[in-house]
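Below you'll find the structure, written out as structure tokens, and then a few comments.
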Amino acid sequence: MKKKHKIAIVGAGGIGQAVALILAELSEESPVIYLGDAYETSAQEAVKWVKEGLTKEATVEAFNMPFEGINDAMQTVFEDCAVVLDCLPGSQAPRIAGFAKQYGMHYANLTE
């Protein structure tokens with residue numbers, strides 16, 4: 001069962017980091033935020049940056065995602081989340097929108 005306050009953010013660059021921080025900091029009900037990137041260290045560093053910027057408790061977790069297809073980590077996150085926020089390059093939009101449809105998530109592209 002999807003939880004309404006679980007959000008996947010794909011793309012751990014500047015936009016993804018900023019969105020994660022804003023959502024975690026300003027949400028009335030603390031969401032669980034999953035921040036994914038093709039480079040696992042980038043996702044982990046982004047989560048660290050977000051957590052360092054918070055003034056309240058929030059759950060922010062990193063996950064790794066391949067450039068193509070889907071892996072177990074992505075599948076687990078997508079099955080659990082109600083929303084996916086796409087902060088990847090525009091060429092990835094059709095792929096991520098397809099996952100949103102496949103996993104019944106709301107989709108918003110924040111970089112196009």
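For the chain, modelled as a GNM with alpha-carbon contacts under 10 angstrom, which of LEU88, LEU54, LEU21 fluctuates the most?
In the Gaussian network model the winner is LEU54.
Taking amide H positions as placed 1.01 Å from N in the peptide plane, with prolines and chain starts having none, which residues 5 or more places from PHE63, or on another chain, fall under 5 Å of its amide H?
Long-range HN contacts for PHE63: LEU35, GLY36, ASP37.
How much of the accessible area of the chain, probe 1.4 Å, is carbon plus sulfur, in whole percent? Let's see the in-between values first.
Details: 3280 of 6090 Å².
C and S atoms contribute 54 percent here.
Expected output is a single nm value to one decimal: the length gained when fully extending between LYS4 and LYS51, i.e. 0.36 nm times separation in residues minus the C-alpha distance. What is it?
On the way: separation 47, 0.36 × 47 = 16.92 nm, distance 2.13 nm.
Residue separation times 0.36 nm, minus the Cα-Cα distance, leaves 14.8 nm.
Out of the trypsin sites (Lys or Arg not before Pro) in the range 15-104, which ones are loop residues according to DSSP with at most 15 other C-beta atoms within 10 Å?
LYS56
Divide by every residue of the chain the summed helix terms, -39500 (n - 2.57) for each DSSP H run of at least 4, and state the resulting mean residue ellipticity at 222 nm, rounded to the nearest 500 deg cm²/dmol.
Numbers: 4 runs with 47 residues, N = 112.
Mean residue ellipticity at 222 nm (helix-derived): -13000 deg cm²/dmol.
With θ taken as phi - 60° and the coefficients 6.51, -1.76 and 1.60, list the Karplus ³J(HN,Hα) couplings across the range 45-55 in order, rounded to whole Hz; mark glycine and proline as x.
Per-residue couplings from phi come out as 5, 5, 4, 4, 4, 4, 4, 5, x, 7, 10 Hz.
Once you have the Kirkwood Rh of the chain from its Cα pairs, apply Stokes-Einstein at 10 °C and 1.306 mPa s and quote D in µm²/s.
The diffusion coefficient I find is 117 µm²/s.
Please give the net charge around ALA12, taking every other residue with its beta carbon less than 10 angstrom from that of ALA12, where Lys and Arg add +1 and Asp and Glu add -1. Display every interim value, and only then the final one.
On the way: positive: none; negative: ASP37, GLU40, GLU45.
Its environment carries a net charge of -3.
Could you compute how much accessible surface VAL47 exposes when probed at 1.4 Å, giving the result in Å² to the nearest 10?
The value for VAL47 is about 10 Å².
Note down the accessible area of PHE67, probe 1.4 Å, to the nearest 10 Å².
My reading of the accessible area for PHE67 is about 120 Å².
The values are calculated or read from the model by the stated rules, or taken from the named source; none is laboratory data. Remember, predicted model here, so these are calculated numbers, not experimental data. So basically every Cβ, Gly included, is an ideal-geometry build from the backbone, and we count neighbours across all protein chains shown. Accessible surface is based on the protein model in full, side chains and every heavy atom, while ligands, DNA and RNA are left aside. Shrake-Rupley method; radii C 1.70, N 1.55, O 1.52, S 1.80 Å.
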